[in-house]
């Protein structure tokens, strides 16, 4: 059996337990197509948290990584995962599909909020996203907040029907926007630069990262639009999580930023050290995103 398959099976067989049924276990989940890169940082975080929850019966932490939001929603509904660390769009999908509940918001690499940047070649005939009908736009993948859900919902909101293309070489109908998934931010930049698509959509964080958008490409690009911001990370819990466990988890996460032991244990993994309660603006942004995702699911998916 391929090594990756063995690695994935280890997660699938070891993690599906719930705190209520397996004495003293808190299960932290995340959606990822690269479980090996996620596991160590997640295990460090859940071990730190579980080690401070003895007063509510938690003795150990475990990790469950799902391949997509559909699988994670199933785990939540079945009580196989207690707490999930997600992007804003991922969290809203889990709310829709599994009635997950927002616990706190989280920074990622010190960033609380981010937005989508639409860009095109400087010499392109496209000067505004309003001109995209009959043209092509590149997104990252179906789970990306900034490089799929936000731009898709904004284009739909502006009355532009959308159709998925089999490849960047396909031609959309004259009255719709054709979109393709490029998988990586660098591919998005490359496809725009080579003229395979007319517009790309990435986060402002990727726009300023030369590993994702090379500087020798960026000099030929122009920004067409920047979206409104949304929270970077959202921590959700299953709806039937024991209230005492939920309250203690909330308390511990909010206290991590001021906990020297947390800093010592988690910084080697570049794990976010700041969790915070959403304010009115955050809640409005998440409500808007949740409505947009429902529209995307209804009109595109």
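Okay, here's what the table says:
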quantity: Flag if residue 235 is in the same structural domain as residue 95 (by TED's automatic domain parsing), farther than 30 Å from residue 170 by Cβ and touching a helix residue (DSSP H, G or I) at 6+ places or on another chain (Cβ under 8 Å); calculated: yes
quantity: Condition broken by residue 24, with the remaining ones in (1) closer than 16 Å to residue 261 by Cβ; (2) free of Cβ contacts under 8 Å to residues at least 40 places away in the same chain satisfied; calculated: (1)
quantity: Enumeration of residues in region 134-183 that are touching a strand residue (DSSP E or B) at 6+ places or on another chain (Cβ under 7 Å), under 17 Å from residue 116 (Cα atoms) and exposed (fewer than 14 other Cβ atoms within 10 Å of the Cβ); calculated: 141
quantity: Among the residues listed as 187, 130, the single one being free of Cβ contacts under 8 Å to residues at least 40 places away in the same chain, more than 16 Å from the chain's Cα centre (by Cα) and assigned to a helix (DSSP H, G or I); calculated: 130
quantity: Residue ranges of helices (runs of 4 or more DSSP H) in region 203-285 with at least 2 members within 18 Å of the chain's Cα centre (by Cα) and at pLDDT 95 or above; calculated: 204-207
quantity: Selection status of residue 285, within 22 Å of residue 94 (Cβ to Cβ) and surrounded by 14 or more Cβ atoms within 10 Å (Cβ to Cβ); calculated: yes
quantity: One residue from 192, 180 being in a helix (DSSP H, G or I) and either under 23 Å from residue 300 (Cα atoms) or not assigned by TED's automatic domain parsing to the domain that holds residue 138 (or both); calculated: 192
quantity: Residue tally, condition touching a helix residue (DSSP H, G or I) at 6+ places or on another chain (Cβ under 8 Å) and farther than 16 Å from residue 29 by Cβ, over region 41-59; calculated: 7
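The values are calculated or read from the model by the stated rules, or taken from the named source; none is laboratory data. Fair warning: this is a prediction, and the values are worked out from it, not measured in the lab. Please note: Cβ atoms are built from the backbone with ideal geometry, for glycine as well, and neighbour counts cover all protein chains shown.
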